[in-house]
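The structure appears right after this line, and notes come after that.
The values are calculated or read from the model by the stated rules, or taken from the named source; none is laboratory data. Just so you know, these numbers come straight off a predicted model, no measurement behind them. Cβ placement follows ideal geometry from the backbone for every residue including glycine, while neighbour counts extend to all protein chains displayed.
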Amino acid sequence: MKRNTWQRDAVREALADAPGFVSAQSLYGSLREGGSPIGLATVYRTLSSLATDGEADSLQSPEGESLYRACTLGQHHHHLICTECGLTIEISAEPIEQWAHDVAASHGFTQPRHVVDVFGLCADCMKGARAR
């Protein structure tokens, strides 16, 4: 069990307030703008720890940067992610769960785990793209 520190609480709260996936640098900037004395290395370590503990989702941007988002604890889920504005929606996908189980079983694997993130444009960003 991780010790609950003011730094962990600050990162957790800032992540919960973020509108979608954010980088450690971006979250650090928000915390510093809010007057927090937290260090950048602490933000990186805390985000990594939150992801390991299941309190945050993590994915890599197309540029290879790790991005984080607060997630629903204890519930396996997938994401729809807008590539324009970063809007992220948690979704369930039973057909994918069944497919992963079936593929694993057909190759003699048990207890399959997987991550599915679907990227595209949200309705608002699509409207903006059409207007341009």
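Just a few scattered comments:
- Residue in segment 98-117 that is touching a residue at least 40 places away in the same chain (Cβ under 8 Å), assigned to a strand (DSSP E or B), in contact with a Leu (Cβ under 8 Å, 6 or more places away or on another chain) and surrounded by 15 or more Cβ atoms within 10 Å (Cβ to Cβ) present: no
- Residue match in segment 80-93 (condition: assigned by TED's automatic domain parsing to the domain that holds residue 5, aliphatic (A, V, I, L, M) and in a strand (DSSP E or B)): no
- Qualifying residue in segment 34-53 (condition: out of contact with any His (no Cβ under 7 Å at 6 or more places or on another chain), under 24 Å from residue 3 (Cβ atoms), among the acidic types (Asp, Glu) and surrounded by 13 or more Cβ atoms within 10 Å (Cβ to Cβ)): no
- Among the residues making up segment 62-74, those that are loosely packed, with under 14 Cβ neighbours inside 10 Å and either closer than 12 Å to residue 90 by Cα or modelled with pLDDT under 80 (or both) are 62, 72, 73, 74.
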